[in-house]
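Since the structure comes first, as structure tokens, the remarks are kept for the end.
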Amino acid sequence: MAAVASPWAALFHSWGSNGLSLQNEPVPCWTGEPVRPQEVAQAIADSAKGLLSSSSYDAKAAASHRVGKLVNASLERFDIARNGEASADLTAELLANDVPRKLLECLQALEFEDRKSAARLLDVLIRRVTKEGGEAATQVVEYVRTHPVLVSRLLEGCQNEEVFFLCAQLVRSCVESEELTKAMLEAGSAPHLLGLAAHENFEISSEAFGALQNLLVSNKRLSAPYVQDNFAQFFTAFHVLLTQERNYVIQRQAIRLLAELLLDAEFQPIMSEYVKNAHFLQIHMNLLINDSVAIQLEAFHIFKLFVANPFKPPRVQVILARNRRGLIRKLRTFYDKQKGDENFSADLTAVLDALAAMEA
């Protein structure tokens, strides 16, 4: 599929492939009032509120510029005193004045450059947890935990065509931290991102799926219990991605992600439950005859789990046995589709033998 032109492409490259970065762009020097951390934080909060209440274009532009200058003042302070007491004081004041939430609420209303600066400041606060630790990290985690509306605003931004890229990148930064991953899961980020991964806008769906993948894979010790506790809801939403043929890229990425999760040791209890479900089996049998060879092969890696399960429920056993001849005919063609892969050929042979031994 051809790449879709994006107004965020240049912005992405300016931040680098690993997400938002403070080191790739110079921070403008702020030489005006206010000076003390509490004054800066309060001024950002007030200016963000003023931006949302402004009615005319000129007033909005002026308010946006004011927010941008104040945010850059904070970024400069973090850059100068990144590991010092002054940096910790500024973090505390920004959180005390609810600046992260207020910046997210006005993110769309900010001018482009000011929006970039606001996103960078939010990323700095997140990375106080993921990179630095200490008291400031504890403060950020507690703030996120006690302000679930923050996660809601962030997820809402992931579906906004003007700021979805920024918000998806912030989600990815959050899930680098085990503590913030837990807060994201508790706030309902997984079902929200699953829904956005099926969005009709390809760019939004791609960014949402990337954020979802990071959420599930980065901390499997946390994501596996979440999926197990929300088994029916999670897979109802996830299977929409598997059957969404209009978005081939997401469909293929989703089936590959599912295989990765089910074959992981942390997800073993989930895999055991998954392969007992006859409806799930039928989904993957249909994917074996998908028009795309790549999706057929990805589907095989999940289908083989149903066949290999030594504790098949009667309904699963009946479906496999009744369809064994058609399945065998189809699967024999897979040898030519994956030549040179000895492990794949061995798995395929084992599945064929198991199907052949079944009684109708």
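The values are calculated or read from the model by the stated rules, or taken from the named source; none is laboratory data. Given the structure is predicted, the values throughout are model-derived calculations rather than measurements. As a convention, Cβ positions derive from the backbone with ideal geometry for all residues, glycine included, and neighbour counts pool all protein chains shown. Only protein heavy atoms, including side chains, enter the accessible area calculation; ligands, DNA and RNA are left aside. Shrake-Rupley method; radii C 1.70, N 1.55, O 1.52, S 1.80 Å.
Restricting attention to the stretch 163-177, does a residue exist that is assigned to a helix (DSSP H, G or I) and of a type in the set (Asp, Glu)?
No, the conditions are met nowhere in the stretch 163-177.
Would you confirm whether any residue within the stretch 100-108 is free of Cβ contacts under 8 Å to residues at least 12 places away in the same chain, surrounded by fewer than 19 Cβ atoms within 10 Å (Cβ to Cβ) and farther than 19 Å from LEU185 by Cβ?
For the stretch 100-108, residues free of Cβ contacts under 8 Å to residues at least 12 places away in the same chain, surrounded by fewer than 19 Cβ atoms within 10 Å (Cβ to Cβ) and farther than 19 Å from LEU185 by Cβ: absent.
Within the stretch 334-350, which residues are in a loop (DSSP other than H, G, I, E, B) and open to solvent by 60 Å² or more (accessible area, probe 1.4 Å)?
LYS339, GLY340
Do we have LYS312 as open to solvent by less than 70 Å² (accessible area, probe 1.4 Å), basic (Lys, Arg) and within 20 Å of ILE289 (Cα to Cα) here?
Spelling it out, it is not the case that LYS312 is open to solvent by less than 70 Å² (accessible area, probe 1.4 Å), basic (Lys, Arg) and within 20 Å of ILE289 (Cα to Cα).
Can you confirm whether SER74 is modelled with pLDDT under 85 and either assigned to a helix (DSSP H, G or I) or closer than 27 Å to ARG172 by Cα (or both)?
no
Within the stretch 195-209, track down each residue that is in a helix (DSSP H, G or I), farther than 12 Å from GLN251 by Cα and without any contact (Cβ under 8 Å) to a residue 60 or more places away in the chain.
GLY195, LEU196, ILE204, GLU207, ALA208
Going by what's in this entry, would ASP114 be described as modelled with pLDDT of 95 or more, in a helix (DSSP H, G or I) and farther than 20 Å from LEU155 by Cβ?
It is true that ASP114 is modelled with pLDDT of 95 or more, in a helix (DSSP H, G or I) and farther than 20 Å from LEU155 by Cβ.
So which of GLU176, GLU203, GLU207 ends up being more than 19 Å from VAL240 (Cβ to Cβ) and either open to solvent by 40 Å² or more (accessible area, probe 1.4 Å) or among the acidic types (Asp, Glu) (or both)?
Residue meeting the stated conditions: GLU176.
Assess whether ALA354 counts as being among the small types (Gly, Ala, Ser), closer than 18 Å to MET271 by Cβ and either more than 33 Å from the chain's Cα centre (by Cα) or buried (at least 18 other Cβ atoms within 10 Å of the Cβ) (or both).
So ALA354 passes the test.
Looking at ARG127 and the list (1) under 22 Å from ILE44 (Cα atoms); (2) among the charged types (D, E, K, R); (3) open to solvent by 20 Å² or more (accessible area, probe 1.4 Å); (4) free of Cβ contacts under 8 Å to residues at least 40 places away in the same chain, which single condition is not satisfied?
Checking ARG127 against (1) under 22 Å from ILE44 (Cα atoms); (2) among the charged types (D, E, K, R); (3) open to solvent by 20 Å² or more (accessible area, probe 1.4 Å); (4) free of Cβ contacts under 8 Å to residues at least 40 places away in the same chain, the one that fails is (4).
Pairs needed: first member in the stretch 249-275, more than 16 Å from LEU215 (Cβ to Cβ); second member anywhere, among the hydroxyl-bearing types (Ser, Thr, Tyr) and open to solvent by 40 Å² or more (accessible area, probe 1.4 Å); C-beta distance under 8 Å; at least 6 residues apart or different chains.
Hits for this filter: GLN251/THR243.
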